[in-house]
């Protein structure tokens, strides 16, 4: 296979991946939202504030050069509805790694919530449904 044929084949693969992603994007979004609802929003009801539900819809998807599905969600521009502070850097820890408390011991906002590992759950659901290797990245952009 010469370089021109390889380039053509590579372009055909990228077009197929784009078409396939367009076809399954809605299903992936639905699985993502199920994982978020199950592991974040249905865990507890806040006492002093209304949720924004921003995690449900902030999702970008593409295939990398190795054919792995990359799903990115960001925590940019998350502000506390309690005091207005930018909590963008804290969201990944609160819902993914360390858990969250109001640190006052009063349970005013909510009592301690353990980490929910929703990224792992979403990854598992997507891989099981579509047979794709995927990586989910939660980051502040």
Looking only at the range 28-62, which residues are within 30 Å of residue 11 (Cβ to Cβ), part of a helix (DSSP H, G or I) and in contact with a helix residue (DSSP H, G or I) (Cβ under 7 Å, 6 or more places away or on another chain)?
-> 28, 31, 32
Residues of the range 63-77 that turn out to be modelled with pLDDT of 70 or more and assigned to a loop (DSSP other than H, G, I, E, B), as a count | 5
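With the structure loaded, tell me whether residue 54 is exposed (fewer than 10 other Cβ atoms within 10 Å of the Cβ) and either within 24 Å of residue 133 (Cα to Cα) or touching a residue at least 24 places away in the same chain (Cβ under 8 Å) (or both) or whether it fails that test.
no
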The range 27-44 - residue that is over 20 Å from residue 133 (Cβ atoms) and free of Cβ contacts under 8 Å to residues at least 60 places away in the same chain and, of those, farthest from the chain's Cα centre (by Cα) = 42
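Filter the range 14-26 down to the residues that are within 24 Å of residue 128 (Cβ to Cβ) and surrounded by 11 or more Cβ atoms within 10 Å (Cβ to Cβ), then identify the one that is nearest to the chain's Cα centre (by Cα).
First, pick out the residues of the range 14-26 that are within 24 Å of residue 128 (Cβ to Cβ): 16-26.
Of the ones still in play, those that are also surrounded by 11 or more Cβ atoms within 10 Å (Cβ to Cβ) are 16-18, 20-21, 24-25.
Values: 16: 24, 17: 20, 18: 20, 20: 20, 21: 16, 24: 16, 25: 13 Å.
Filtering first and then ranking leaves 25.
The values are calculated or read from the model by the stated rules, or taken from the named source; none is laboratory data. Note that this is a predicted model, so its numbers are computed, not measured. Neighbour counts run over all protein chains shown; Cβ positions are idealised from the backbone, glycine included.
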